[in-house]
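Report on the following structure.
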Amino acid sequence: MLSARWRGSDATSDDDSDQDVIFVDQDPTAFETLLTYMRLGVVHLHKHDEFLSKKILMLAEFLGINGFLVSVKATTIKNISRRDDYLSDEMSEAAEFDARFGNLQVAVDKGILPICFFPPSDDLTIHCSDRVFHASKAILVEKSAYFSRILSSHPAKYWTEEITLGENPDVTEVVLQMLGSPNSSFTTMTEKFHSVGTDGQNKFRHFYVQSILTLIDKLQLPIDFRDNCVQTITHTFNA
């Protein structure tokens, strides 16, 4: 970096006063981040400033600061794969990044970077009518093909923090509890059933059960899990 090409036309000047002055016509904040990496080996992007992070990435490529880019690519692949550690060394992980996305510019254009460089939160906020629920992305993706499509159709989709479901919130509450905590769903269903007067319990039970089963089918839960849910519902309303 300190070769003649960075010193301009004065690189061979006899005036020593200019020899230690290098002018870099780039964003100073972006360059400072890369300078910190070159001095200390710290790889950093700005989570809450996407535009600045993009400038840092493209400037690193322009300046040929490959070590910084290798670390960014390796970390990104690890996060997308939802792993805590590298499967191999950083260079191999970075090579996988290149094989998957082509190059840095493509990854930026597709919205992979900079967002996927940062570890994703596991919490998903679900808005349903006037109520708000919180669920684990890992559990939803594992148990529901519906949520898996929403959160895995594009690598960056897993970084989604909020979604809206146009479903009955009482039914949604029970189904989400079935996914995360079956015992809680049993309690919730029992409380809702007994909150209805005796005259309306049979009608409510039919509507409630059918609505729960319909949502379970929509979320495309595994057959064995669906069967367990049906058993829980049957046990609850026959208790």
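The values are calculated or read from the model by the stated rules, or taken from the named source; none is laboratory data. Quick caveat: nothing in here was measured; it's all calculated off a predicted structure. As a convention, Cβ positions derive from the backbone with ideal geometry for all residues, glycine included, and neighbour counts pool all protein chains shown. Quick note on the areas: whole protein, heavy atoms, side chains included, nothing else; ligands and nucleic acids left out. Shrake-Rupley method; radii C 1.70, N 1.55, O 1.52, S 1.80 Å.
Listed values, structure above:
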{"read-out": "Extension gain, Met58 back to Arg39 (0.36 nm per residue minus Cα-Cα distance, nm)", "value": "4.9 nm"}
{"read-out": "Residues Val24 and Tyr86, FRET efficiency given R0 of 35 Å [Cβ-Cβ distance, rounded to 0.05]", "value": "0.60"}
{"read-out": "Proximal lysines to Lys218, defined as alpha-carbon separation beneath 16 angstrom and excluding residues fewer than eight positions away on the same chain", "value": "Lys143"}
{"read-out": "Simple spin-label estimate for His154 and Gln231 in nanometres, 7 Å along Cα-Cβ", "value": "4.1 nm"}
{"read-out": "Protection proxy ranking, peptides 56-62, 39-45, 154-160, average beta carbon neighbours within 10 Å, highest first", "value": "56-62, 154-160, 39-45"}
{"read-out": "Average projected area [Cα convex hull, region 28-111], square nanometres", "value": "5.5 nm²"}
{"read-out": "Whole-percent carbon and sulfur share, accessible surface of region 11-116, 1.4 Å", "value": "50 percent"}
{"read-out": "Bridge type composition, region 27-172 - antiparallel percent by DSSP, nearest 5", "value": "65 percent"}
